[in-house]
Amino acid sequence: MAFPEPKAKKPELPKKLVQNLECKQGAVRAVRFNVDGNYCLTCGSDKSLKLWNPHKGTLLKTYSGHGYEVLDAAGSFDNSQLCSCGADKTVVLWDVASGQVIRKFRGHAGKVNCVQFNEEATVILSGSIDSSIRCWDCRSRGVVPIQILDEAKDGVSSLKVSDYEILSGSVDGRVRRYDLRAGELYSDYVGSPVTSVCFSKDGQCTLAASLDSTLRLLDKDTGELLGEYTGHKNTAYKLDCCLSEKDTHVASCSEDGQVYFWDLVEGSLTLSLPVGKGVVQSLSFHPSEPGLLTATEGRVQFWREESHPAGS
């Protein structure tokens with residue numbers, strides 16, 4: 001006798017506040033989960049970078065070495081290294097355990113907005129207000145970038161890296177995708193300064209946020225516009241967008257103190273999450289579970305789904 005398949009559970013969204021981290025590092029410019037979602041990084045306007053366990057609400061380490069505010073950070077695949085960038089025009093490679101600076105990369109002509117490791121953490125990619133993406137070799141002692149991508153006509157605001165692609169968003173209103181295997185550059189014009197870009201988890205789509213208070217979902221290969229998501233406010237600040245862990249929802253920060261979630265397929269607004277009074281500057285979605293980090297003013301909040309057991 002065949003039993004009927006159990007009904008698929010509706011995807012839950014993180015709307016229960018489980019931790020509130022007072023970061024004590026000025027305004028938090030960015031918050032980022034690490035690769036497995038067990039830890040997170042916060043970038044402060046007080047020049048510091050902090051490593052947390054958001055599940056327990058504990059501060060693990062503070063990294064000091066930037067000369068000005070820290071704007072973005074990322075962890076390596078094995079959690080042994082961090083990279084960060086900031087308004088001091090530098091990109092810094094850190095040893096996680098010791099807290100020491102391993103390398104400092106200088107070469108950008110203006111503040112560095114975004115930073116990412118490649119998959120093997122052998123190269124750091126950084127995007128700057130100087131309209132370039134620079135690729136830095138973590139293993140060599142060389143001080144010059146191994147490659148400079150300078151196709152953007154204005155500042156590079158956001159950067160994501162997959163195993164063979166670089167996705168970037170620029171103030172010139174374009175989303176650019178570099179296919180490293182094919183040696184091709186694809187460019188899609190969205191018509192408003194792009195503040196954040198990301199890949200969908202299935203690798204088929206790209207999501208771009210721009211200063212016309214609109215998120216756009218694009219087919220990665222054809223550039224076709226698959227969806228538009230509106231209702232939030234984003235006209236003045238560089239704000240993050242992301243997709244949920246199973247690509248069911250699109251999320252965005254907003255200048256009205258909320259985080260907005262839309263159904264990816266229907267485009268309808270599913271949830272507006274009241275986070276604080278000020279601008280929600282940054283968010284990060286857990287890589288495999290319904291968990292969300294939000295940064296507003298000087299604190300970071302960790303949200304889970306309502307069925308999440310307390311204290312776990």
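The values are calculated or read from the model by the stated rules, or taken from the named source; none is laboratory data. Bear in mind that the values here come from a model prediction, so they are computed numbers and not experimental data. Cβ placement follows ideal geometry from the backbone for every residue including glycine, while neighbour counts extend to all protein chains displayed. Areas reflect the complete protein model, heavy atoms only, side chains present, ligands, DNA and RNA absent. Shrake-Rupley method; radii C 1.70, N 1.55, O 1.52, S 1.80 Å.
Which whole-number percent gives the relative contact order of the stretch 203-312, counting Cα pairs below 8 Å spaced six or more residues apart?
Details: 252 pairs, mean separation 18.6, N = 110.
Normalised by residue count, the contact order of the stretch 203-312 is 17 percent.
Counted by Cβ distance under 11 Å from residue 104, the other residues give a net charge of +2, where Lys and Arg count +1 and Asp and Glu count -1.
Relative contact order of the chain, taken over Cα pairs closer than 8 Å and 6 or more residues apart, is 15 percent. For the chain, the alpha carbon convex hull comes to 146 Å³ per residue, rounded to a whole number. With a 1.4 Å probe and every protein chain kept in, tell me what percent of the accessible surface of the stretch 12-132 is carbon plus sulfur. For the stretch 12-132, the apolar C and S fraction of the accessible surface comes to 47 percent.
The H on the amide N of residue 158, modeled in the peptide plane, is under 5 Å from the matching H of 169, each at least 5 residues off or on a different chain.
Would you please report the Å³ per residue occupied by the convex hull of the alpha carbon atoms in the stretch 46-130? Walk me through the intermediate numbers first.
Values: hull volume 7.6 nm³, N = 85.
Residue-normalised Cα hull volume stands at 90 Å³.
Inter-part distance, the stretch 281-312 to the stretch 170-234, computed on C-alpha centroids, equals 24 Å. As a calculated quantity, the FRET efficiency between residue 212 and residue 288 at R0 = 41 Å, using C-beta atoms, amounts to about 0.80.
The HN-Hα couplings worked out from phi for the stretch 283-300 by the Karplus form 6.51 cos²θ - 1.76 cosθ + 1.60 (θ = phi - 60°) are 8, 8, 9, 4, x, 9, 9, x, x, 9, 9, 10, 10, 9, 6, x, 9, 10 Hz, whole numbers, x standing for Gly and Pro.
Rounded to a whole number of µm²/s, how large is the Stokes-Einstein D of the stretch 1-157 at 4 °C and 1.567 mPa s, given Rh as the Kirkwood radius over C-alpha pairs?
Working: Rh = 16.8 Å.
In µm²/s, the coefficient rounds to 77.
Averaged over its residues, the chain has an accessible area of 44 Å² per residue, based on protein heavy atoms and a 1.4 Å probe.
Seen from residue 74, the other residues with C-beta closer than 11 Å to its C-beta sum to a net charge of +1, counting Lys and Arg as +1 and Asp and Glu as -1. 3J(HN,Hα) along the stretch 46-55: 8, 6, 9, 10, 10, 10, 10, 9, x, 5 Hz, from the Karplus curve 6.51 cos²θ - 1.76 cosθ + 1.60 with θ = phi - 60°, whole Hz, x for Gly and Pro.
Within the straight-line cut-off of under 20 Å between alpha carbons, the lysines reachable from residue 47 are 24, 61, 89, 104, 111, 238, sequence neighbours fewer than 8 places apart in one chain being disregarded.
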